[in-house]
Structures are given as structure tokens and as C-alpha cells.
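Student: Have a look at the structure that comes next, please.
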């Protein structure tokens, strides 16, 4: 009997065993996610040389190479970016294929099978970037099979849920030819299941926290436009990896989108390593109404275009032009306005056409960005122009008014303003209003007919981000 209990207990301990990263592993992980790629590659290669018959450090090496890829692509000039992206991605594909060939027929224990499954997941991802969808899904299916074998052997190997979570989520997001190829291979997805698995790896994994966090950030921030869910993950990631410049700047832009200027100001003031990009600073000062600083950092961003986030240089040109116009600096306006893209030029021409209304709206933006009290804000709002002759700007007015009340959790007032833009012909303003109404209806409980009306509007749009967020609304209100 004692022997039986011992065996049972021993089996349970083995079953529940969690892989703990070694000191070397922790160093590689830290270097990788703090964007010290050179040191991460050096350490990984040293360990590969010592243990060439294990996929473990190949897994770490490929992770570094993929994250370094995004940095290298961002630093390429615009005209060389497409060619450079294909070349760099091709190098990673070749490396991954070599590793897969090396271990394809190897006998692997549970831990090494996890590393190998994730390498297959990496290969699926880089095939996808290359547009090789058949190869991507075939690699993805193998990654899924190996990961499921790991989970079956040890359900508490939480890191293994990362790959199956990614595959379940992204497979549910596919459309067109990619969806057709996936279906031909028997590849199906499940958004809710995928998100739950990703969160399991993020919350309980011992090896994949960084990658799971970045994946959830991509999902919530870029694919579902859900900054409420994304921001806490940004914060936990940056607490552990504070010098990840790419993530830090994306976090700052997310904070600006929800009008959390206090946090951004604190980050800028404590930025001793100059990690905050010139573009983030320019946008911060622009929205705060500090034109001199906005112009200064916008010009710095334009001069250092390749180190700014994608699209930042174009936005910086508009910030420079608009703030120079506010100050009456005609020379700067003439310098940068010929370089504006079509959308920015249209916005600037609209501002000049309706100068009084545009400058008043800029003042309203400043009121929100500076965190004015409710009496101060509403006193300023009383001076609003009618916008009768500037209907193109009325949706912006509705959005800004709704944003102030939303930021201050006055959801009833916010809803009133956002609903005014549901019939707007301006797609950007309409989508912004819908996004906020979605969040209001999810945070609070409203009449079911309101939720259904919003879902019906979303169904008529060609907007995947809103469509996927609408699923949460359908679930809550049983629509």
C-alpha cells in the first residue's frame, strides 16, 4: 500500500513538473526581450556548440532572429524595405528549415518536444510572412500536433499552450485564399479558445512570458483594437523588460490614444536612456498644445525617419506643418507642406478652410490632454462654434466630447456623443465612435436593443477588428 502511494505521488510530481529556465536561459531571454540581440545570439550560439543534439538553444536562437528581423526591417529605407524584408525573412526560413531537418526524426523528451514544436511554429510564421501559405499551414499543423503531445504528457506544461493558442486564434482570423488553403488542410480555428490558451501561457508559463505577452499585445492592440486589454500586458512586459524600445514606444502611443498623458509624461521625464522616440514626443506635445516642442521633435523625427515607428515620419510632417501654421511660421509651412501625403494635405486644407473651428477643436484637444476638471472643460465647451458651415469637423467635435466623458467614466454622456457619429460618412470617425460604444456596452449593461443596433451596424462594415470585438458583445447580450 505504501509502495502504491509512493508511486502515485511520484507520478503526480512528474506529471505536474514545470520546466524552470537556467541562469543562462534567463540571460538569453533578458537580452532578447531587452533588444540586446547581439548578446542573445552570442550566448545562444555558445550553448548550441555545447549541446548540438538538443533543439533547446536553436529555439532561443530563432526567437532572437525573428525579433531582430523587425528591427532590421524598420531600419531599412522605404524604397529598399520590400526587397530587404524578403531577403531577411528568407534567411530565417533557411535557418529554421535546417533545424527542422536536423531534429525531424530525433527521439525527444517532453521538454525538447516543446522546443521543437515551437520551432515549427516559428517556421509557420516566417512562411506566412513570405506568403508561402501551403508551407505555413503544413508547418503549423506539425507545431500543433507536437504541442498537443506535450500537453497530453504534461497538462501543466503551460508554455506549450502558446503555440496552440496562436494557431487557434490566427486560424479563426483568416479569410480569402489563406482560409481556403487552411480548410483544404483541415486547419480550423477558435478565437475564444485561442485567447484563453495564450493567456494561460502568459500567466503561468515559465519560458514563454515575453513571447506570449507580445503576442497578446499584437492581438489586442493591432487585431482587435482593444487597448483596455492591451495596456496591462504592456505594463507587465515592460516591468520585466524595461529597455525594449519598440514595445515602450507602442505602449506610449496606446496611452496617448486613451488620453493617459500623466503616464506618458512620467515616462518621458524618466527616460534617461533616450528610448522614447522623437515621434512619440512630438505627438505628446502637439496634443498638449506645446507647439514649440511639438515642432522640435517632429523635425527630429523627420530627420531620423528610419528609426521611427512605421508611418511616423508622415505624421511628424503634419505635426510640424499644423503647429507652424498655428504659430504663423509661414516658412516652416512652406518647407514641409509639399511633403505631406494626400490624407494629411486634405486635413491641413480643411483646417485652413475652417480656421476658427479647427483652432477651437485643437483647444478642446488640449483641454482633454491637460486633464482639465469637468467645470473647466464644460465651460470651454460652451464656447463651441456651431459647425453648421463646417460639417466635416462636426464628427471630430462629437468624438472629442465623447472622449472626455469616456476618459472620466461618464459613460451615459459619452454614449450620447458617440452615437451622434454612427451615421457619419467619415469612416475613421464613425469607426472610432463604434469602438468606444462597444467598450461602453461591455463595461456597463445597457438595453439589449442598443447592443443589437450596434452589432447590426458593425455587420455592415468591412472592419475585422470591430467584427471580432462584436463577438464579445453578442456573447454578453445573448444576441
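The values are calculated or read from the model by the stated rules, or taken from the named source; none is laboratory data. Keep in mind that this is a model prediction, so the values were computed, not measured. Here the Cβ positions follow ideal geometry from the backbone for every residue, glycine too, while neighbour counts run over all protein chains shown.
Student: Which one of these is in contact with a helix residue (DSSP H, G or I) (Cβ under 8 Å, 6 or more places away or on another chain) and closer than 25 Å to residue 383 by Cβ: 316, 277, 358?
Tutor: 358
Student: Sticking with this structure for a sec: What are the residues in segment 219-257 that are under 20 Å from residue 162 (Cβ atoms) and assigned to a loop (DSSP other than H, G, I, E, B), if any?
Tutor: Residues satisfying the conditions are 224, 226, 241, 244.
Student: OK, next. Determine whether residue 226 is modelled with pLDDT of 90 or more, surrounded by fewer than 22 Cβ atoms within 10 Å (Cβ to Cβ) and under 18 Å from the mean Cα position of the chain (by Cα). If you could, list the steps in order and put the result at the bottom.
Tutor: Details: modelled with pLDDT of 90 or more: yes; surrounded by fewer than 22 Cβ atoms within 10 Å (Cβ to Cβ): yes; under 18 Å from the mean Cα position of the chain (by Cα): yes.
Taking the combined requirement at face value, the residue satisfies it.
Student: What's the number of the only condition in (1) closer than 27 Å to residue 400 by Cα; (2) surrounded by 18 or more Cβ atoms within 10 Å (Cβ to Cβ) that residue 310 fails to meet?
Tutor: Unmet condition: (2).
Student: Right, next: Looking at the structure I just gave you, is residue 388 more than 28 Å from residue 302 (Cβ to Cβ) and either at pLDDT below 95 or in a loop (DSSP other than H, G, I, E, B) (or both)? Please lay out each step first, then the result.
Tutor: On the way: more than 28 Å from residue 302 (Cβ to Cβ): yes; either at pLDDT below 95 or in a loop (DSSP other than H, G, I, E, B) (or both): yes.
So residue 388 passes the test.
Student: Still on this structure: Residue 239 passes all but one of (1) over 28 Å from residue 364 (Cβ atoms); (2) touching a residue at least 12 places away in the same chain (Cβ under 8 Å); which number fails?
Tutor: (2)
Student: Looking at the structure I just gave you, is residue 265 at pLDDT 95 or above, assigned to a helix (DSSP H, G or I), surrounded by 19 or more Cβ atoms within 10 Å (Cβ to Cβ) and over 13 Å from the mean Cα position of the chain (by Cα)?
Tutor: no
Student: Is it true that residue 55 is in contact with a helix residue (DSSP H, G or I) (Cβ under 8 Å, 6 or more places away or on another chain) and crowded, with 18+ Cβ neighbours inside 10 Å?
Tutor: yes
Student: Are there any pairs, at least 6 apart or on different chains, whose C-beta atoms fall under 8 Å, with the first in segment 464-479 and free of Cβ contacts under 8 Å to residues at least 12 places away in the same chain and the second surrounded by 14 or more Cβ atoms within 10 Å (Cβ to Cβ) and part of a helix (DSSP H, G or I), and if so, which?
Tutor: 467/458
Student: Sticking with this one: Consider segment 427-456. How many of its residues are surrounded by 17 or more Cβ atoms within 10 Å (Cβ to Cβ) and over 24 Å from residue 409 (Cα atoms)?
Tutor: 0
Student: Within the group 211, 198, 253, which residue is at pLDDT 95 or above, crowded, with 22+ Cβ neighbours inside 10 Å and out of contact with any helix residue (DSSP H, G or I) (no Cβ under 6 Å at 6 or more places or on another chain)? Talk me through it step by step, then tell me what you get.
Tutor: On the way: 198 fails: out of contact with any helix residue (DSSP H, G or I) (no Cβ under 6 Å at 6 or more places or on another chain); 253 fails: crowded, with 22+ Cβ neighbours inside 10 Å.
Going through 211, 198, 253 in turn, the sole match is 211.
Conditions (1) within 21 Å of residue 157 (Cβ to Cβ); (2) modelled with pLDDT of 95 or more, marked per residue:
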position	(1), (2)
71	no, no
80	no, no
85	no, no
88	no, no
95	no, yes
106	yes, no
113	yes, yes
116	yes, yes
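Student: Still on this structure: Please name all residue pairs, on different chains or six or more residues apart, with Cβ atoms under 6 Å, provided the first residue is in segment 74-86 and is more than 12 Å from residue 305 (Cβ to Cβ) and the second residue is at pLDDT 75 or above.
Tutor: Filtered contacts from segment 74-86: 84/76; 85/73.
Student: Considering each residue of segment 316-371, count those that are assigned to a helix (DSSP H, G or I) and more than 27 Å from the chain's Cα centre (by Cα), and give that number.
Tutor: 36
Student: Suppose the filter is crowded, with 24+ Cβ neighbours inside 10 Å, touching a helix residue (DSSP H, G or I) at 6+ places or on another chain (Cβ under 9 Å) and in a helix (DSSP H, G or I); does residue 146 pass it?
Tutor: Details: crowded, with 24+ Cβ neighbours inside 10 Å: no; touching a helix residue (DSSP H, G or I) at 6+ places or on another chain (Cβ under 9 Å): yes; in a helix (DSSP H, G or I): yes.
No.
Student: Take residue 160 and tell me if it is surrounded by fewer than 17 Cβ atoms within 10 Å (Cβ to Cβ) and either modelled with pLDDT of 95 or more or more than 29 Å from the chain's Cα centre (by Cα) (or both).
Tutor: Judged against the criteria, residue 160 is not a match.
Student: Hey, does segment 384-406 have a residue that's closer than 23 Å to residue 284 by Cβ and surrounded by fewer than 14 Cβ atoms within 10 Å (Cβ to Cβ)?
Tutor: The answer is no; no qualifying residue exists.
Student: Looking only at segment 49-73, which residues are in contact (Cβ under 8 Å) with a residue 40 or more places away in the chain and over 22 Å from the mean Cα position of the chain (by Cα)?
Tutor: Answer for segment 49-73, where residues must be in contact (Cβ under 8 Å) with a residue 40 or more places away in the chain and over 22 Å from the mean Cα position of the chain (by Cα): 53, 54, 55, 56, 58, 59.
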